[in-house]
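The values are calculated or read from the model by the stated rules, or taken from the named source; none is laboratory data. Just so it is clear, the structure is predicted and the values come from calculations on it, not from any experiment. We place every Cβ from the backbone using ideal geometry, glycine too, and count neighbours over all the protein chains shown.
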Amino acid sequence: MVFYAGASSGVEPLESGDLTSPIITNKDPLPSATDVPKDKVISFHIEDAILGVDLSNTTIYVEGNIAYTSSAFQNPYDDSSSITGNANDYTVQIAKDIDWDSVSTVTVRVVTQDLGTHSTDESWDFDIEDYIGPLVVPINPTNGQIEVALDSNIQLSISDDDSVEANLIKVEIDSGAGFQEAFIYSDSPKFKSGFDGPGSTWQNVGGVYTIVIDPISDFPPSTTIYVRVTATDPTGNATRI
């Protein structure tokens, strides 16, 4: 066999190198997790096995806020948060200085790059547990109000970040002789004798329950009137005012 070995074609062999961007791993909480504890610390890894992660070009957003930039954590994520590890694998822990909001969705976004030019922009979210009960708002009279007219109605609203268990709503009134049931949602009629005047009404608009109680008799003069509202949400959290 005869052949001729000619000159090089001029095509250089490919050199091995970093052709990939940093990756985000070990997310905790997991994306789309639900019922996450209100004091949960967010944790994840930023990894780049070849060139390494460039922290000086890394920005982390939490809840739409900048949580980390310019190699520093920002308020309200700066008390106990940390980044540890080496250039190829950083462990990030983000602790909010206060509890996460009840029934909120927390979005995490990481914008980073390696020590070359390869960048990553990744987001995920999770949902915080429901840990706050229905909110009771005294509309009229307001809480602690004085010199209230003896023939006043009592108006209040009940709402919740999730929802109110309507069948468990109860309103009791103490006019000086102990608490008496004035309104029980699950009963028929809902307004009880002595508190079922013509002005007694209730409505539910968008999950907000507004109750007006019209007592048949005037309140005793120079008396502190107490109103007790019992309600809960689907998680079992009690009322707050």
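Of the candidates TYR77, TYR90, the single residue that is surrounded by 18 or more Cβ atoms within 10 Å (Cβ to Cβ) and touching a His at 6+ places or on another chain (Cβ under 8 Å) is TYR90. Selection of region 105-131 for residues being under 11 Å from the mean Cα position of the chain (by Cα) and surrounded by 16 or more Cβ atoms within 10 Å (Cβ to Cβ) yields VAL106, PHE126, ASP127, ILE128, GLU129, ASP130, TYR131.
Select the strands (runs of 3 or more DSSP E) contained entirely in region 1-88, then report the ones holding at least 1 residues which are at pLDDT below 95.
On the way: elements: 23-28, 42-47, 59-62, 65-69, 82-86.
Fully inside region 1-88 and qualifying: 82-86.
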